[in-house]
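The structure appears below as structure tokens.
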Amino acid sequence: MKFLSRTLEVKTERGPQFVDITDHVEEAARECGLLNGFAVVFSKHTTAAIRINEAEPHLLRDMEQMLGDVVPAGNDYAHNKYAHALSNNGERPNGHSHCQQLLLGASESVPIVNGRLTFGPWQRLFLVELDHGRDREVVVHLVGE
């Protein structure tokens, strides 16, 4: 059995933003030498998600807009009033980012067959920034033979 766990450093520019991390995950799978197994890709943040979708630029803009429509930043979130007021750390109000992440999720699993991630023809892996631009960490966990 082979195993590799790697943490990717991903810099984001804004929220919401879809950052394609597929090539980095595929590189980790090649380095591990897995023929058959799976990759779990996990965001270490409660305001960033991991999703599989298509990398078509207009679709990405549509999905960014949808996130803002479903969970708008301007709503009255208790987290913005109480958690930030108590912490005094100068962080921006981000209740919407936590709620959006709850809808999207923190991880994806992708099968590896014959040494390759088994995606559909248009599928790509994304870190979805939901808050504001910053440095993020994504764990890629590979297991198999």
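Numerical summary
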quantity: Pair list, Cβ under 8 Å, 6 or more apart: the range 17-29 residue on the phi > 0 side of the Ramachandran plot, other residue of a type in the set (Ser, Thr, Tyr); calculated: none
quantity: Residue under evaluation residue 26, criteria (1) closer than 17 Å to residue 104 by Cα; (2) part of a helix (DSSP H, G or I), criterion not met; calculated: (1)
quantity: Residue count for the range 113-139, restricted to those that are over 17 Å from residue 8 (Cβ atoms) and assigned to a strand (DSSP E or B); calculated: 3
quantity: Subset of the range 103-112 (residues that are free of Cβ contacts under 8 Å to residues at least 60 places away in the same chain and either surrounded by 13 or more Cβ atoms within 10 Å (Cβ to Cβ) or in a strand (DSSP E or B) (or both)); calculated: 104, 105
quantity: Residue list for the range 1-59, filter: under 23 Å from residue 99 (Cβ atoms), polar (S, T, N, Q) and either crowded, with 19+ Cβ neighbours inside 10 Å or touching a strand residue (DSSP E or B) at 6+ places or on another chain (Cβ under 9 Å) (or both); calculated: 12, 17, 43, 47, 53
quantity: Evaluation of residue 15 against (1) part of a loop (DSSP other than H, G, I, E, B); (2) within 12 Å of residue 138 (Cα to Cα) (one fails), failing number; calculated: (2)
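Computed from the coordinates by the stated procedures, all read-outs in this text should not be read as laboratory data. Small disclaimer: the values here were computed from a predicted structure and weren't measured. Counting neighbours? That spans all protein chains shown, and the Cβs are built from the backbone with ideal geometry, glycine included.
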